[in-house]
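Beneath this line is the structure, given in C-alpha cells, with notes to follow.
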Amino acid sequence: MCAIDPEIALLGPWHMRDIVGDTLGSTRLIALMMAVFGFLALGLGAVGIYGVTAQCVAEQRRDIVIRMALGAEATGVAGRTIVTAPMVLALVAVASLAFPAVRASRVDPVRTLREE
C-alpha cells in the first residue's frame, strides 16, 4: 500500500498527460503553424505555376493553332507543357538542394568545432 509522506509539499495531484501536454504545448503550436504555412505556400506555389503556364500558353496561342492546323495532335501540344513544367521544377529543386549540400560537405570539422 502506498502512503504519502507528510513532510513532502504537494501542489496538487497532476496526471502525467497534463504535465506532458503543458510541456509540449508550444512545440505542438509551432508544428501546427508550420504545417498551415507550408500548405499555404504549397497553394501559392500551385497558383503561381498555373499563372505562369496560362500566360505562356496565351502568348503561344498562335503557334499552337498553326501547329494543330498543320496536323499536330492535341496530346502532343499539351504533352510539351505537361512534361516541361515538372522537369523545370525538378531541376530547380535539385539545384536548390545541391548547392547547400555541396557547401556543407566542404566544411572543415576541426575549424568548425574550434569556433564553437
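The values are calculated or read from the model by the stated rules, or taken from the named source; none is laboratory data. These numbers were taken from a predicted model, which means no experiment stands behind them. For neighbour counting, all protein chains shown are included, and Cβ atoms are generated from backbone atoms with ideal geometry for every residue, glycine included. For the accessible areas, the whole protein counts, side chains as well, though only heavy atoms, and no ligand, DNA or RNA atoms are used. Shrake-Rupley method; radii C 1.70, N 1.55, O 1.52, S 1.80 Å.
A count restricted to region 69-78 and to residues that are part of a helix (DSSP H, G or I) and either within 22 Å of the chain's Cα centre (by Cα) or surrounded by 12 or more Cβ atoms within 10 Å (Cβ to Cβ) (or both) stands at 2.
Restricting LEU89, LEU42 to those that are touching a residue at least 40 places away in the same chain (Cβ under 8 Å) and either open to solvent by 100 Å² or more (accessible area, probe 1.4 Å) or not β-branched (Val, Ile, Thr) (or both) reduces the list to LEU89.
Residue by residue, here is whether (1) at pLDDT 85 or above; (2) open to solvent by less than 100 Å² (accessible area, probe 1.4 Å) holds:
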position: GLY48; (1), (2): yes, yes
position: GLU59; (1), (2): yes, no
position: ARG67; (1), (2): yes, yes
position: ARG80; (1), (2): no, no
position: PHE99; (1), (2): yes, no
position: SER105; (1), (2): yes, yes
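Tally up the residues in region 107-116 that are assigned to a helix (DSSP H, G or I) and open to solvent by 70 Å² or more (accessible area, probe 1.4 Å), please. Don't jump to the end; show me each part of the working.
The first filter runs over region 107-116 and keeps only residues assigned to a helix (DSSP H, G or I), leaving 109-115.
If we keep only those that are open to solvent by 70 Å² or more (accessible area, probe 1.4 Å) too, we end up with 109-111, 113-115.
Final tally of qualifying residues: 6.
For SER26, the criteria (1) modelled with pLDDT under 80; (2) surrounded by fewer than 10 Cβ atoms within 10 Å (Cβ to Cβ); (3) of a type in the set (Gly, Ala, Ser) hold in every case but one, which is (1).
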